[in-house]
Structure formats: structure tokens, C-alpha cells
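The values are calculated or read from the model by the stated rules, or taken from the named source; none is laboratory data. What you are looking at is a predicted structure, and each value in this text was computed from that prediction instead of being measured. Here Cβ is always computed from backbone atoms with ideal geometry, including for glycine, and neighbour counts include all displayed protein chains. Remember, those area values only see protein heavy atoms, side chains included, never the ligands or the DNA or RNA. Shrake-Rupley method; radii C 1.70, N 1.55, O 1.52, S 1.80 Å.
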Amino acid sequence: MSTLSDREIVQLTRTVAQANNIAVSNVSTSPTIDWAGNVAIEIKIVLSHGSSAAAMGQPSAMTVSDLIRQLADKGEERLPIVRYEEQGAP
């Protein structure tokens, strides 16, 4: 099984999100299991405070779609499960 490092996934996620005009505050990854019991990776994109409305709809969908494709292109075999969270008030 080919897997990318957490650092590589975080960097790729930031790049893809920013290309889709998503204001990223932080990205984290953690191992998880998908609905079928297969190894997966959870990717949490933390949005900058107050930016969740701008990330809804097409920017969000394009980010997830682009990220899944680019991870697969780089040989990542784990299913990425992507979720968004907005950073709390400073």
C-alpha cells in the first residue's frame, strides 16, 4: 500500500484549498476506517474565522474533488474523508 506522509497531505490540501479560494487556518490528518472497514485518512480543513460562507457550495465541492484526484494521482491508496470546521473567534 502506498501512502503519503501527513506533511505531504497537509501541504497538498492547503495548496488545493487555496487554489479554490478557501481561507485555510489549519489542516490536520488522522488515520480512520471507512464504512467498509478499510483503512482511510481523515483530513480536517479548519477555515479562518468568518470564512465558512465563502467556502460553501462550489469552492467546497471543487476542493474535495480536486484533493481526492490529486491524492490518487500521487499514489495515496487510503480513502480521504474530508471535513470542514470553522475556527472559533480569536
**Q.** Filter result (open to solvent by less than 40 Å² (accessible area, probe 1.4 Å) and either touching a strand residue (DSSP E or B) at 6+ places or on another chain (Cβ under 8 Å) or among the acidic types (Asp, Glu) (or both)) within region 18-27
**A.** Ile22, Val24, Val27
Q. Among the residues of region 9-17, is any open to solvent by 20 Å² or more (accessible area, probe 1.4 Å), at pLDDT below 95 and out of contact with any Leu (no Cβ under 7 Å at 6 or more places or on another chain)?
A. no
Q) Yes or no: Arg83 at pLDDT 95 or above and not aliphatic (A, V, I, L, M)? A) no
Q) List pairs: first in region 66-90 and open to solvent by 40 Å² or more (accessible area, probe 1.4 Å), second in a helix (DSSP H, G or I) and of a type in the set (A, V, I, L, M), Cβ under 8 Å, 6+ apart or cross-chain? A) Gln70/Leu12; Gln70/Val16; Lys74/Leu12; Tyr84/Ala55
Q: For residues that are out of contact with any Lys or Arg (no Cβ under 7 Å at 6 or more places or on another chain) and crowded, with 18+ Cβ neighbours inside 10 Å, scanning just region 28-58, find the one that is modelled with the lowest pLDDT.
A: Ala55
